[in-house]
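Undergrad: Submitted below is the structure of interest, expressed as structure tokens.
The values are calculated or read from the model by the stated rules, or taken from the named source; none is laboratory data. Keep in mind that this is a model prediction, so the values were computed, not measured. Using ideal geometry, Cβ is built from the backbone for each residue, glycine included, and neighbour counts are taken over all protein chains shown.
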Amino acid sequence: MSVPEVVMLATGVVGGAAALLVVTSRNVVHSALYLVVALLAVAGVFLVLGAEFVAWAQVLVYVGAVVVLLLFGLMLTRAPIGPTGQGNELGKAMPLAVALAVFAGLVALIVTSYGGEVIALEHVPPAALGEVLYVAWALPFMTLGFLLTLALIGAVVIARREEGEGPLPEPDPDEPEAAEASPPDSSSWPQRQPEPTPDEREVSA
Amino acid sequence: MSSVAWLIPALPAASAVVIVALGRKMPVGGAEIGILSLATAFVLSLVLAVEVFGANVAATTSGVGEAFLHTARVELAPIGAGDSIFAGIRIDGLTVMMFLLVTFVSLMVHVYSLGYLHGDERFTWYYAVLSFFSAAMLLLVVSDNLMLLLVGWELVGVSSFLLIGFWWELKANSDAAIKAFLTTKLGDVGLVVGVVALWGQFGTFDIAAITAMVGDGVQAGGAPLDTGMLSFALIAFVLGVVGKSAQFPLHTWLPDAMAGPTPVSALIHAATMVTAGVFLVARLYPLYSAAPAAQATLAVIGAITLLMAGLLALVQEDIKKVLAYSTVSQLGYMVAALAFSYTAGIFHLFTHGFFKALLFLGAGSIIHAAHSNNLRDMGGLAKVMPTTFATFLVGTLALMAVPPLAGFWSKDEILVEAAAAGGYTGSLVLVVGALGGALTVLYMTRVLYLTFAGSFRGEGHPHESPRSMTGPLVALAVPAALIGLVNLPVEAFQPYAFSAWTMFSLEYWQTHPIAFEPAIAAVAVGLALAGFLAGWALYRALPLGDDDPARRLGPVSTVLAEKYYLDRLWTDLVTRTIVRDTAAPAAVTLNDEVIDRAVAGAGRATVATGRRVYDDVDQRGIDGVLHGLATSTWWSGARLRLSQSGNVQLYAGAMLTGVVVLAIVFAVGEVS
Amino acid sequence: MAAVYPLIFAALLFSVGVYGLLSRRHAVLVLMSIELMLAAVTVNLVTFWAIAGDALLTGQVFALFVMAIGAAEIGVGLAIIMLIYRNRASVNIDDADLMKY
């Protein structure tokens, strides 16, 4: 067992544990924080494999931006701070079975395909990546930029508060449980002015 | 003239229709139409006779040529096997002879009935049926094919039924009519069998064609003539003759048929209808000559009948019944005669028609005067009814075959021919015929004495009948007396005589001349004389009732009184026991138990099958399939619907599972 | 180093992400699970590059792309969740069942 392997194993264990905690934690904010750990472990794996830039990019993008975004999302959707009950419609058995099946299948595939493979580790400096990225992969890189821009615009459009939308219903402070515990029925939905259909728009014009 | 000879039967037919339609409104109730049509028919017959008899005489005198024959026919309907039903006429000497006889006697009866049935409430209907009968009889004699003859035969039977049962209010009369009809119908079975057998053998109904084939010794298709088959057909015909001409053993209907009005008896049961059977044999004479077995049958039946009926005539109390049995006996003579000679048979038919009609009409006159049919209630009528007496006497003498009246010549002819033929049948007929002659004299003498001699024993005051009745009596007396002279067996006269008039073939006429045997004639006359003496002796004292010698013959009288138990045979044994008690219940059982059960069972089975088909096949089976289809569609839809849960995670899970499966499939595919 | 280690690590992360995707109630937690799965994918990509030793660094470049796309996807996803929350006042994905039969 060489040093890379040991480090690999360690980060793997940490990352795996953190991932498990993400999906099983009762507190949503705790889940987000465990996600940070898991993603950091992934970055560590990248470092072991020699992909230095990818590792730091992982930390920057995921841990820095994505998780923060997730936290903001949690905050804006009045995520419960304390522990909450779990249990969605599907229960636990089916997801477990599917996950185990997926894991088993993947492991089987990996072992049969790459069972005896050995990686020759080499360190790739960011400069080398940069050279490849802006020369060979220039076009996809630009396209990716466009994609990100478009996604950003789309997100802004989707999340924009429109005219006529009422304020968010205030949850009753005496019964914080009841607010998110019981799903609202159709009668309490806030009335929302439907967008004028293209036909109506033409008529009114 | 022969081309319009079809008018002769057509006129009475038309008059029957007209009388039915308009008779009631006419002054004499339709009788005038009947008399007019029959008179016209008679005149036409005379004219026709001149033509036909003249042609025949020309042939016999010159020795060349053929017997007159004119046929004309109209096709009515095809009946397959290349044959058709024709309506055709055949005019020859025999036809014309029958025309003369039928039209004349019918005319006399029409006139006579004016007085006899005067005041009867169904007067018009009577004349209509009389015309109908005349038309039917004329159709019978004029038809040229057996089918049409059969039609005429049956129509004659129907009109006889209508006329016998004319006063049907009295049950005895309607019973007599039914008895007559059914008994002759039994004989008609033989007739139909014979017609069909002949058709089968010769392939045609046409009499001329069949005669020609028999003459050539062939049958249908040129095959040699099968005498046995021919004999069978002709003997079947004899059954029809036995029925219609009241021969033994089917004679039982004729005496009972006296229940009808006396003019009817005169017309139908003396001169015309009962002679239809004799006529048939005469018409088919060439066939009978080729079948000796059939001729022997005729001889035997005729002989038995004439003797048996003569004996029965002795013990009758009813004057009409005496005459009826006498008719049966004389018909027996005719039938037996035709076994040996054509001319002998039809000559006797011809003469008998006149004098028997005369006798019946005379009896009618007597009954009209005495208001009773019974001989006991008569007597002493000679002084009161001279015309009737005179004409009745003439008729009686003719019947008794007293020379030179008609009966003598014709009856003598028969005896001569029988003697000439020889053999068993010939001798039989000769002996029996001679004895029968004696019997005839005996019973007629009895009638004469009991009716006209002594003093009146009945009630009331008898008087002579009106002119409408005595006129025909006189008119008939003339031919009764003289008609025998038309066939005198004088050789020089023969080519002009009755035998020549009615010949059917020159060759036959030339080979069968009318003979006269003085010996036989003498014997016959002698026997007749003996009979008269016996009658004179026995009945001179006018014994009546139980004194009547005929009744004092012990068991013989009983047998005679019971008419040889023949009636018992027919009614009890045949009708009651066999048909009513055995055959009919068997038929009913067969119908109810077997056939009805089978039919009902089939019906139930069908209903049950229908129910089963409906319940199981249709409701459960076919509908079940459809219901099953609908149910399975709904059930699968309900199951499939669950996948549309709206749950995103479920969708994701399903997709993942699919991907996993696909991955495995690809991996396995790659590995293998 | 044996290649199976990072690959199995990636498989583990992926499976855990599947479990979380299917079993969590909160929509944002579902997004987190998706993030885990994407991380597993990037690990896979880099590992395969390490195995192959590609001069064009295809694996690494792809890993970068995946990261970028993942970020975009998170942004849009959260925007949608915000909108749903605004209209339904609930982030329970079981409540977003309008497509139910």
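Undergrad: If you check C:LEU38, C:LEU22, C:LEU98, which single one turns out to be within 28 Å of A:MET75 (Cα to Cα) and outside any helix (DSSP H, G or I)?
TA: Of C:LEU38, C:LEU22, C:LEU98, the one residue that is within 28 Å of A:MET75 (Cα to Cα) and outside any helix (DSSP H, G or I) is C:LEU98.
Undergrad: Another question, if that's okay. Any idea how many residues of region B:641-653 are surrounded by fewer than 14 Cβ atoms within 10 Å (Cβ to Cβ) and not hydroxyl-bearing (Ser, Thr, Tyr)?
TA: Total meeting the criteria: 3.
Undergrad: Have a look at B:TYR325, B:TYR333 and point out the one that is under 22 Å from B:THR95 (Cα atoms), aromatic (Phe, Trp, Tyr) and assigned to a helix (DSSP H, G or I).
TA: B:TYR333
Undergrad: Also, quick follow-up: Looking at region A:20-53, which of the residues that are without any contact (Cβ under 8 Å) to a residue 12 or more places away in the chain and of a type in the set (Val, Ile, Thr) is nearest to the other protein chains (Cβ to nearest Cβ)?
TA: In this case the residue turns out to be A:VAL23.
Undergrad: Further question on the same structure: Tally the residues that are surrounded by fewer than 18 Cβ atoms within 10 Å (Cβ to Cβ) and part of a helix (DSSP H, G or I), restricting the search to region A:91-108.
TA: Here the count works out to 9.
Undergrad: Taking the residues in region A:54-65 that are at the interface with another protein chain (Cβ under 8 Å from one of its Cβ atoms) and over 20 Å from C:GLY53 (Cα atoms) as candidates, determine which candidate is farthest from the chain's Cα centre (by Cα).
TA: Here the residue is A:ALA57.
Undergrad: Something else now. Which one is nearest to the other protein chains (Cβ to nearest Cβ), of the residues in region C:12-39 that are surrounded by fewer than 24 Cβ atoms within 10 Å (Cβ to Cβ), over 20 Å from A:VAL68 (Cα atoms) and at pLDDT 90 or above?
TA: The extreme case among them is C:LEU12.
Undergrad: Right, next: Going through region C:25-35 one residue at a time, which ones are in a helix (DSSP H, G or I) and touching a residue at least 12 places away in the same chain (Cβ under 8 Å)?
TA: Hits for region C:25-35 are C:ALA27, C:VAL28, C:VAL30, C:LEU31, C:MET32, C:SER33, C:ILE34, C:GLU35.
Undergrad: Separate question: Quick one: which residue in B:VAL158, B:VAL189, B:VAL141 is under 30 Å from B:SER45 (Cα atoms) and surrounded by fewer than 22 Cβ atoms within 10 Å (Cβ to Cβ)?
TA: B:VAL158
Undergrad: Kindly evaluate B:ALA477 against the criterion of being surrounded by 16 or more Cβ atoms within 10 Å (Cβ to Cβ) and either assigned to a helix (DSSP H, G or I) or in contact with a Phe, Trp or Tyr (Cβ under 9 Å, 6 or more places away or on another chain) (or both).
TA: Against the criterion (surrounded by 16 or more Cβ atoms within 10 Å (Cβ to Cβ) and either assigned to a helix (DSSP H, G or I) or in contact with a Phe, Trp or Tyr (Cβ under 9 Å, 6 or more places away or on another chain) (or both)), B:ALA477 qualifies.
Undergrad: Just the residues that are over 21 Å from B:SER341 (Cβ atoms) and not in a helix (DSSP H, G or I), please, taken from region B:231-282.
TA: B:ALA246, B:PHE248, B:PRO249, B:LEU250, B:HIS251, B:THR252, B:GLY260, B:PRO261, B:THR272, B:MET273
Undergrad: Would you kindly identify the helices (runs of 4 or more DSSP H) lying entirely within region B:358-463 that contain at least 1 residues that are farther than 30 Å from B:ALA293 by Cα and out of contact with any Leu (no Cβ under 8 Å at 6 or more places or on another chain)?
TA: B:381-384, B:386-399, B:423-452
Undergrad: Still on this structure, I have one more. Hey, can you tell me all the residues within region A:111-140 that are closer than 19 Å to A:GLN58 by Cα and part of a strand (DSSP E or B)?
TA: Once the filter is applied, which keeps residues that are closer than 19 Å to A:GLN58 by Cα and part of a strand (DSSP E or B), region A:111-140 yields only A:VAL124.
Undergrad: While we're on this one: So which residues in region B:39-91 are more than 30 Å from B:ALA475 (Cα to Cα) and either basic (Lys, Arg) or modelled with pLDDT of 90 or more (or both), if there are any at all?
TA: Across region B:39-91, the qualifying residue is only B:ARG73.
Undergrad: Still on this structure, I have one more. Between B:ASP216, B:ASP256, which is among the acidic types (Asp, Glu) and under 28 Å from B:VAL328 (Cα atoms)?
TA: Being among the acidic types (Asp, Glu) and under 28 Å from B:VAL328 (Cα atoms) holds for just one of B:ASP216, B:ASP256, which is B:ASP256.
Undergrad: A further question on this structure: Quickly run through region C:54-87 and pick out the residues that are over 17 Å from the mean Cα position of the chain (by Cα), more than 19 Å from A:LEU39 (Cβ to Cβ) and within 7 Å of chain A (Cβ to nearest Cβ).
TA: C:LEU56, C:LEU57, C:VAL61, C:MET82, C:LEU83, C:TYR85, C:ARG86, C:ASN87
Let's see how each residue does on (1) within 14 Å of chain C (Cβ to nearest Cβ); (2) over 30 Å from C:SER33 (Cα atoms); (3) polar (S, T, N, Q):
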{"residue": "B:ILE595", "(1), (2), (3)": "no, yes, no"}
{"residue": "B:VAL613", "(1), (2), (3)": "no, yes, no"}
{"residue": "B:ARG620", "(1), (2), (3)": "no, yes, no"}
{"residue": "B:ASP623", "(1), (2), (3)": "no, yes, no"}
{"residue": "B:LEU629", "(1), (2), (3)": "no, yes, no"}
{"residue": "B:GLY637", "(1), (2), (3)": "yes, yes, no"}
{"residue": "B:LEU650", "(1), (2), (3)": "yes, no, no"}
{"residue": "B:ALA654", "(1), (2), (3)": "yes, no, no"}
{"residue": "B:VAL660", "(1), (2), (3)": "yes, no, no"}
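Undergrad: Looking at region B:1-18, I want the residues that are modelled with pLDDT of 90 or more and have a partner that is surrounded by fewer than 17 Cβ atoms within 10 Å (Cβ to Cβ) with Cβ atoms under 8 Å, at least 6 apart or on another chain. Which pairs are those?
TA: Here the result reads B:SER15/B:LEU36, each pair linking region B:1-18 to a residue that is surrounded by fewer than 17 Cβ atoms within 10 Å (Cβ to Cβ).
Undergrad: Being crowded, with 24+ Cβ neighbours inside 10 Å and more than 25 Å from the chain's Cα centre (by Cα) narrows it down to one residue among B:GLY380, B:GLY353, B:GLY362, B:GLY332; which is it?
TA: The match here is B:GLY362.
Undergrad: Which residue is surrounded by the most Cβ atoms within 10 Å (Cβ to Cβ), if the candidates are limited to region C:41-80 and must be among the aliphatic types (A, V, I, L, M) and not in a helix (DSSP H, G or I)?
TA: The qualifying residue surrounded by the most Cβ atoms within 10 Å (Cβ to Cβ) is C:LEU57.
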